[in-house]
Amino acid sequence: MSMFNDFVAKIQTSKDLSDADKTKILQNLNELKGEKVHVLVTGATGCGKSSTINALFNREVAKVGQSSNPETMSIARYDFDNVILFDSPGLGDGYEADLKHAKNITNKLLETKPDGALLIDLVLVILEGGSRDLGTSYELINKVIIPNLGEDKSRLLIAINQ
């Protein structure tokens, strides 16, 4: 059974939703079923981007760094049913590396579909909850992501991890 079908089954059997809410959610899901949703996952080095991807899909697909050395060095793509995740390298590993990674993130944000629409539907920025230094994430959000989101700034979602 696909992840989509599992989710539909959970909605249908939910005791927390009214029948009207279930119907509306299922109608919206049915409309989206054929659509691909492209999500760019980004954040500072070591904040848990790859671990978050693995947790979201309950399997290990993204390689997770085991030391202070980052594991993700280029944008990696993971396909799950109609959700496509892009795991980006983290920023905070030095000026030169940050420039390279910021350019790659910018290029991904500006990439378009064949119809001319922007490819990335949502940017998920992971913040490390245990860190007192959020300067790298602040710079990433304000200097790389927001200027390259286009008109729809609601495509930005910030999550706190760890």
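The values are calculated or read from the model by the stated rules, or taken from the named source; none is laboratory data. Please read these numbers as outputs of a predicted model, since none were measured by experiment. Backbone-built Cβ (ideal geometry, glycine too); neighbour counts: all protein chains shown. Please note that ligands, DNA and RNA were not included when accessible areas were found on the heavy atoms of the full protein model with its side chains. Shrake-Rupley method; radii C 1.70, N 1.55, O 1.52, S 1.80 Å.
For this structure, a couple of remarks:
- For segment 14-55, a tally of residues being assigned to a helix (DSSP H, G or I), open to solvent by 100 Å² or more (accessible area, probe 1.4 Å) and of a type outside the set (Lys, Arg) returns 4.
- Residue count for segment 1-46, restricted to those that are within 23 Å of the chain's Cα centre (by Cα), modelled with pLDDT of 80 or more and either among the basic types (Lys, Arg) or at positive phi (or both): 3
- Top-ranked residue in segment 135-162 [being over 15 Å from the mean Cα position of the chain (by Cα) and assigned to a loop (DSSP other than H, G, I, E, B); ranked as surrounded by the fewest Cβ atoms within 10 Å (Cβ to Cβ)]: Glu151
- Residues of segment 111-134 classified as of a type in the set (D, E, K, R), surrounded by 11 or more Cβ atoms within 10 Å (Cβ to Cβ) and under 18 Å from Asp98 (Cα atoms), total: 1
- Answer residue from segment 85-100, given it is modelled with pLDDT under 90 and open to solvent by less than 20 Å² (accessible area, probe 1.4 Å) and is farthest from Lys49 (Cα to Cα) among those: Leu91
- Wholly within segment 74-134, strands (runs of 3 or more DSSP E) carrying at least 2 residues that are farther than 26 Å from Leu29 by Cβ and touching a residue at least 12 places away in the same chain (Cβ under 8 Å): 122-128
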